[in-house]
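Novice: My questions will all concern the structure given below.
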Amino acid sequence: TLSPLALKAAEEVSSKWRGTTATGGKTMNYIGGEFTESKAEKWLEVRDPSTQTLLTTVPETTADEFAQAVEAASQAYKTWSKTSIMRRQRVMFELQHLIRQHSPDIAKSIVLEQGKTFADAQGDVGRGLQVVETATAITSTLLGDKLEVSQDMDTFSRRLPLGVTAAITPFNFPAMIVLWSAALATVTGNTLIVKPSERDPGATMIIAELCERAGVPPGVINVVHGSAPTVNRICDDPAIKAISFVGGDKAGKHIYDRATPLGKRVQANLGAKNHAVIMPDANKNLTLNAVAGAAFGAAGQRCMALSVAIFVGTAREWIPELIERAKELKVSGGFEEGTDLGPVISPEAKTRIESYIASVEEEGGKVLLDGRGCTVPEYPHGNFVGPTVVEAVTTMKAYKDEIFGPVLTIVSADTLDDAIAIVNANRYGNGASVFTNSGSTARKFELEAEPGQIGVNVAVPVPLPMFNWSGNKGSFKGDIPFYGKSGLDFYTQRKTTTSLWPAADAVGNRASVHMPQ
Ligand code: NAD
């Protein structure tokens, strides 16, 4: 059963919000402005990762229901795409206010279904809210290009929406990533079908209701639940013009390969292996706190988690102190006061993470701090893995794969050049950070390290939404990244008009067949 704190949160969330429940009922679809119970035959269970209590079931949306969502989004597009930009801006103003107001409820739903701590869940909502806030600036950010080419000729470039778009989102940021699309797809005049992670659908349902209250008309945002079959329908439906995907490599590559040959625009943020390069001249306290926070926060289930620490030269002497800081972190249920790490998402994830830790020993590496078999007396059935520090070399499985758990892999390097070579040999390119007090070291790292998001004494260098998400290499597929200026590019297409208004007496009476210049 749920803990008393979780039970209270579950009752609050279930009684206040129409589309979601955390007391064992069914999660609704949201189609054409209606929260509807699916007629699905197959339902997927969502369990509290701290206790395994059944919170809700999620439908594998039927083909008919999916078609209704596409139809609703197609119909709504006809009018929404023609609303004035000020009206869409006003909806964003209202939405940012409502999200701020109801952020605790969204966070509670996240803690219940996903397991992260309440403070961390509020950060999840907060980072999504920032994208909504920047979307309120649309009347400036979407200003187009116009040039008086000559006295009688103007060229003007419009930015038009694409049509019906879709977002397929992962379990680890159930609010933030949904808000990236909910804000940017709609403020630019598109309509949207969201297929949230089947493991934590609640935040999306609350967001859908807030969108409705903010004045998003029926059909502009729709939510359909499910897993691979529903995703495949999104890839295949000709009415859907663009897909924004965030998640693991396997699903992302599948979606990209299935949808792009059909002419769809796809942006896919994928997995990661983010390195911290720790130089001996760094501020020790700042570095160790930052590395421990970014390796173990959210139980390591962030695509920007720091999962590799490269200690350069004598910085190795700090390893014992890093381990001490990791040991101090408290593992417990996400609602409990003082919890640093909640459970991982599922028993299968716990088994997978523990087998990666075992693989380090099997391959000749060392487990310096072992989080396997972590138990929390108040939560005997939780999927807990304690902070884990392993020492490995780059040929080992635990180094090469994304573990997606609270496991920090330590590798060593003699020089900054060696460390940068390690970072660049990795197939992923989401983020990398350097910890140093030397400007020239920082500058060299910034220029030479290949990942798309660089931190200098910053462990989680996720760009604020006026910049783009800029992961690269194996961490991204597509051409146009998420949010920032790119986000507007992703959700718009350009149409350029050239007009000629010569004075009547300036026009001759013979046709010209040359290519006009
Ligand atoms: P996931 O790939 O299992 O699921 C993501 C989405 O894809 C879900 O909506 C799911 O229903 C769908 N899906 C899963 N398998 C599918 C399949 N075989 N066919 C079609 N659709 C499928 O990812 P997850 O476990 O929910 O999230 C964790 C992953 O997401 C990690 O790899 C993490 O690095 C990545 N992630 C990346 C970023 C980023 O910005 N780069 C951000 C967050 C998470």
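Every number here is computed from the coordinates shown, using simple stated rules; none is lab data. Quantities reported herein were computed from a predicted structural model and do not represent experimental measurements. A quick note on method: Cβ atoms are made from the backbone with ideal geometry, for glycine too, and the neighbour counts reach across all protein chains shown.
Novice: What ranking, highest mean first, results for peptides 80-87, 274-281, 417-424 when packing means the other Cβ atoms within 10 Å averaged over each residue?
Specialist: Taking the mean over residues of other Cβ atoms within 10 Å, the ranking is 274-281, 417-424, 80-87.
Novice: Under 5 Å between amide H atoms, partner at least 5 residues away or on a different chain: which partners does Ala309 have, H built in plane at 1.01 Å?
Specialist: Ala276, Thr409, Ile410, Val411
Novice: If you don't mind, another one. If you take the Cα Rg of the chain and divide it by 2.2 N^0.38 Å, with N the number of residues, what do you get?
Specialist: Ratio of Cα Rg to 2.2 N^0.38 Å: 1.05.
Novice: Among the trypsin sites (Lys or Arg not before Pro) within the stretch 25-77, which fall in a DSSP loop and have no more than 16 other Cβ atoms within 10 Å of their own Cβ?
Specialist: The qualifying sites are Lys39, Lys42.
Novice: Moving on. Tell me, what is the percent relative contact order of the chain, built from C-alpha pairs under 8 Å that lie six or more residues apart?
Specialist: 17
Novice: Now for a different question. Can you tell me the 0 to 90 degree angle between the C-alpha axis of helix 4-16 and the longest principal axis of the chain, rounded to 10?
Specialist: Between helix and principal axis, roughly 10 degrees.
Novice: Could you work out the Rg to Rh ratio of the stretch 1-141, with Rh taken as the Kirkwood radius (inverse of the mean 1/r over all Cα pairs)?
Specialist: Value, to two decimals: 1.02.
Novice: Please sort 489-502, 125-138, 307-320 by packing, taking for each peptide the average over its residues of neighbouring beta carbons within 10 angstrom, highest first.
Specialist: Top of the packing list down: 125-138, 307-320, 489-502.
Novice: Which of the peptides 205-218, 445-458 is most tightly packed, and how do the rest follow, judged by the mean count of other Cβ atoms within 10 Å per residue?
Specialist: Result, highest mean first: 205-218, 445-458.
Novice: In the chain, what percentage of the DSSP-assigned beta bridges are antiparallel, given to the nearest 5?
Specialist: Antiparallel: roughly 40 percent of the beta bridges in the chain.
Novice: Could I ask something else about it? For a quick check: with amide H placed at 1.01 Å from N, whose amide H comes under 5 Å from Lys116's, ignoring anything fewer than 5 positions away on the same chain?
Specialist: HN-HN under 5 Å from Lys116: empty list.
Novice: Starting from the Cα coordinates of the stretch 403-509, work out the convex hull volume and express it per residue in Å³.
Specialist: 216
Novice: Taking the chain as the reference, fit the longest principal axis to its C-alpha atoms, fit the long axis of helix 63-80 to the helix C-alpha atoms, and give the angle between the two in degrees, 0 to 90, nearest 10.
Specialist: The angle comes out at about 50 degrees.
Novice: Treating only the Cβ of Lys, Arg, Asp and Glu as charged (+1, +1, -1, -1), what charge dipole size does the chain show about its Cα centre? Round to the nearest 20 debye.
Specialist: Once rounded to the nearest 20, the dipole reads 1280 debye.
Novice: Using the Cα atoms of the stretch 65-195 to build a convex hull, what is its mean projected area in square nanometres?
Specialist: On the way: hull surface 38.5 nm².
Over all viewing directions, the stretch 65-195 projects a mean Cα-hull area of 9.6 nm².
Novice: May I pose another question? Of all the Cα-Cα pairs you can form in the stretch 292-403, what percent are over 26 Å apart?
Specialist: Working: 918 of 6216 pairs.
Result for the distance tail: 15 percent.
Novice: Order by neighbour count: Met396, Met515, Met153, fewest other Cβ atoms within 10 Å first, most last.
Specialist: Met515, Met153, Met396
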